[in-house]
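Here's the structure, in structure tokens; my notes come after.
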Amino acid sequence: MKILPYRHDPEHLPPYLAEIPFLRALHKEEVDLILSKASLLECERGDVILTDGTIDHALHILLKGQVHVMKLGQPVAGIGRPGELLGEMALLADGQHTATVIAAADKTYCLRVDATSLEDLSSERRHAYHAQLFLFLARLMERRLQATTEKLAASEQLVEDYRQRLEEAVDGTS
């Protein structure tokens, strides 16, 4: 994995960044400051971007490629949509990552935004940034929880269907 400085031009926000919902929600001053101190991660397939249990106060934004989210060595999600956040749970869990994220495609790019980049913002802008960040994270968690609930309900229905089939098969042989 290569870690490169991101070269931000405050006069021009590239379209691929302008379309990222998280950045769109921020004030221009915040976006300029964040991007001026951001790093660009260039990853190859198999590169570990985040490691479960490690402490890090950075947010990663997927720009291109695909990643696998792993928990206990098992894949729990695949993410491939530009603009998706990686490592956002660490911002809610005192900086500790709750999963491992591995590049799943050659030439996967992420923007790494370190929380220390906010130190130069005024207290008011820093509070506004945090408010936007947590609102964005709350909406993201709501979507993920809804998807998880739907998967759980489908799994429970499948288990119930199999249980009924098994009971019918056992009753039919008695």
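Laid out as a table, the results:
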quantity: Complete set of residues in the stretch 96-119 that are in contact with a Ser or Thr (Cβ under 9 Å, 6 or more places away or on another chain) and not hydrophobic (A, V, I, L, M, F, W, C); calculated: 96, 97, 100, 112, 114, 117
quantity: The one condition in (1) part of a helix (DSSP H, G or I); (2) under 23 Å from residue 71 (Cα atoms); (3) in contact (Cβ under 8 Å) with a residue 60 or more places away in the chain; (4) not charged (D, E, K, R) that residue 136 fails to fulfil; calculated: (2)
quantity: In the stretch 1-56, residue farthest from the chain's Cα centre (by Cα) [restricted to those that are closer than 14 Å to residue 110 by Cβ and of a type in the set (Asp, Glu)]; calculated: 44
quantity: Residue list for the stretch 117-133, filter: among the basic types (Lys, Arg) and without any contact (Cβ under 8 Å) to a residue 12 or more places away in the chain; calculated: 126
quantity: Cβ pairs under 6 Å, 6+ apart, first in the stretch 72-92 and under 15 Å from residue 140 (Cα atoms) and touching a residue at least 40 places away in the same chain (Cβ under 8 Å), second aliphatic (A, V, I, L, M) and assigned to a loop (DSSP other than H, G, I, E, B); calculated: 83/20
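Read-outs throughout are calculated quantities, based only on the coordinates presented, and are distinct from any laboratory measurement. Keep in mind that this is a model prediction, so the values were computed, not measured. So basically every Cβ, Gly included, is an ideal-geometry build from the backbone, and we count neighbours across all protein chains shown.
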